[in-house]
Amino acid sequence: MSAMVHAGLGTGESSPGRIAAGGLDLTHGTVLYLDDISVSFDGFKALDKLSLTIDAGELRCVIGPNGAGKTTMMDVITGKTRPDAGTVFFGQTIDLTHLTEAEIAQAGVGRKFQKPTIFEHHTVFENLELSMKADKRVRKTLFAKLSSEERDRIAAMLARIGLAGDAGRIAGLLSHGQKQWLEIGMLLMQEPQLLLLDEPVAGMSDEETEKTAELFLSLAGRHSLVVVEHDMAFIEKIARKVTVLHEGSVIAEGPMEQVQNDPRVIEVYLGR
């Protein structure tokens, strides 16, 4: 269950100059640092000396044509793919290239794939309860009694993801957009420092897309977010800083307006 596996630790708002809860060293204000990452598949260079820095609390958008290396980049960060060369540091001290997928999740990296993975036959409330960071040896069953603090946490998350009125609804009956919000809520119950979100608004209605933009903007600061998306109207709504990948490398980076007017970006991705 990827919604469960790709979730992490770490809590609260991150700020430079301190150790975040969960032991993440954010002394220099950087939550993620990729340095000279290269990955080849049967001679094809998916990533070519890719370097990228994400600040603590930042909302970063990553765009680029198909085959640019966006998914491979997220696979490297989460330990699904091992790079041929380069390093990936989470905070100042944790080299993710030496950890397993499960260890990276435990360190505080949460990943959401394009297709929502939720517990379809459980209620919305139960989905959030199941994904809550807890000692599973103590609470072995779904029906073990929740503390009032845990119930409050779930209620707050339901409000945050816009599903407070659907707590008792079977998750499989939700709309596509609601399922996406539920999975994001499930990740957030694990209190990740860094969230990787792969095409989160694909297949959503305009109204759902608008609500998702509001949700992501509300999460920035408390969490660091890396959003990979093709929907440029959505990117424009949430973008503070945009990174453009092409052929496994960064070809442009900066505010949306600057990136949109970059001749190389226009040539390889945006068109005119």
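Nothing in this text is a laboratory measurement; each read-out follows from the coordinates by a stated rule. Owing to the predicted nature of the structure, the values given are computational and were not obtained by experimental measurement. Here the Cβ positions follow ideal geometry from the backbone for every residue, glycine too, while neighbour counts run over all protein chains shown.
Brief remarks follow.
- Dipole magnitude (debye, nearest 20) for segment 2-270, charges at Cβ of Lys, Arg, Asp, Glu: 880
- Normalising the average separation of contacting C-alpha pairs (under 8 angstrom, six or more residues apart) by the number of residues puts the relative contact order of segment 52-195 at 28 percent.
- Just so you know, the Cα atoms of segment 168-241 work out to an Rg and Dmax of 12.2, 38 Å.
- One chain, two ends: HIS230 and GLN114. Fully extended at 0.36 nm per residue, the span grows by 40.6 nm beyond their Cα-Cα distance.
- Acute angle (nearest 10 degrees) that the helix 176-189 long axis makes with the longest principal axis of the chain, alpha-carbon atoms: 80
- Taking the C-alpha atoms only, the angle from helix 148-160 to the longest principal axis of the chain is near 50 degrees.
- Legend: calculated FRET efficiency, THR100 to LYS145, from the Cβ-Cβ distance at R0 = 25 Å, rounded to 0.05, equals 0.15.
- Result for the chain in a Gaussian network model with C-alpha springs under 10 Å: among MET74, MET232, MET132, the largest mean-square fluctuation is at MET232.
- Counting DSSP beta bridges with both ends in the chain, the antiparallel % (nearest 5): 55
- Two-site FRET efficiency, ILE170 against LEU217, from Cβ-Cβ distance with R₀ of 35 Å, rounded to 0.05: 0.75
- Rg(Cα)/(2.2 N^0.38 Å) for segment 59-130, N = residue count: 1.34
- Degrees, to the nearest 10: 206-219 long Cα axis against longest axis of the chain: 90
- Think of the chain as a dipole: +1 on every Lys or Arg Cβ, -1 on every Asp or Glu Cβ, centred on the Cα centre; then among HIS176, SER148, PHE90, SER148 lies furthest on the positive end.
- Segment 52-130, relative contact order in percent, only Cα pairs under 8 angstrom and at least six apart counted: 18
- Per-peptide packing, taken as the mean over residues of other Cβ atoms within 10 Å, places 151-161, 185-195, 98-108 in the sequence 185-195, 98-108, 151-161 from highest down.
- With contacts taken as Cα pairs under 8 Å and at least 6 residues apart, the chain reaches a relative contact order of 28 percent.
- Among MET186, ASN66, VAL76 - extreme Cα towards positive end, dipole of segment 37-187, charges at beta-carbon: MET186
- Translational diffusion of the chain was estimated from the Stokes-Einstein equation, with Rh taken as the Kirkwood radius over Cα pairs; at 37 °C and 0.692 mPa s the coefficient is 172 µm²/s.
- Of interest is the spacing of the C-alpha centroids, which for segment 192-241 and segment 66-98 amounts to 21 Å.
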